[in-house]
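FYI, it's all coordinate maths here, none of it is from the lab. What you see is a predicted model, and the numbers here were worked out from it, not measured in a lab. Methodologically, a virtual Cβ is constructed for each residue, glycine included, from the backbone with ideal geometry; neighbour enumeration extends over all protein chains shown.
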């Protein structure tokens, strides 16, 4: 398990995470024993932190990088569209077992926090995207981090708030451990990158033609019943 936090304040956006990886619930690998202990990955100008299964971070980054087109992680609409496309890639190329009887939709098995100049966002396994206005946390140390950051928010900078949240989680949650990794981003107040640049599956000309043809056929059938009545 883990703790990842995101904070937004005074045009500063911060994402931070601990570095402990837990196997089977009782074996802990900290930064001393694991070279790739960072729980955040960078895609273009966005930082993404993941909690849960250790392979989620690698799967998500590889899925992003394996596509020729640029994905957008700016704004809730773009992130949602990206997650739909990523889900298909995960199933096809990464052998994702997406079935989940308890949910209404297939699970992508990703629990993410995203930070970029557009803001701080969260993505749940069912691909719901949340746009946070101040701060948030994911992972087993989430509750400790949230409490600490709530108390610190009015008093400190974004970097200090994130640091306090991670330190609180590492102090009280057995599945979190220092050192932490922290990344600082400047907020884009104009939100120039939040415009939806990858619309969902635009309808093709043939789709419209087929719909129109089908409508005309139904009209002909309807009127033909009036003209012709079998004896």
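Size of the range 20-63 from its Cα atoms: along the principal axes, largest to smallest, the extents are 34, 19, 13 Å. The Cα center of the range 103-156 and the Cα center of the range 1-62 differ in position by 13 Å. Each label point was placed 7 Å from the Cα along the Cα-to-Cβ direction; for residue 91 and residue 42 their separation is 3.3 nm. The length gained by stretching the chain between residue 98 and residue 172 to full extension, at 0.36 nm per residue less their Cα-Cα distance, is 23.3 nm. For the range 106-147, the gyration tensor built on C-alpha atoms gives an oblate shape. Its axis ratio a/c (a ≥ b ≥ c) is at least 1.5, and a/b is not larger than b/c.
With R₀ fixed at 22 Å, the C-beta to C-beta distance from residue 184 to residue 62 puts the FRET efficiency at about 0.25. Would you compute the Debye intensity of the range 3-186 from its alpha-carbon atoms alone, equal scatterers and no solvent, and pass along log10 I(q)/I(0) at q = 0.17 Å⁻¹ to two decimals? Cα-only, vacuum Debye calculation for the range 3-186: -1.09. Taking square-rooted eigenvalues a ≥ b ≥ c of the alpha carbon gyration tensor, is the range 31-101 rounded, prolate or oblate, where a/c under 1.5 means rounded and, failing that, a/b exceeding b/c means prolate? The shape class here is oblate.
Under the simplified labelling scheme, the residue 30-residue 126 pair shows an inter-label distance of 3.8 nm, with each label point 7 Å from Cα along Cα→Cβ. Mind giving me the FRET efficiency for residue 154 and residue 53? R0 is 30 Å, r the Cβ-Cβ distance, nearest 0.05 is fine. Plugging the Cβ-Cβ distance into 1/(1 + (r/R0)^6) gives 0.25.
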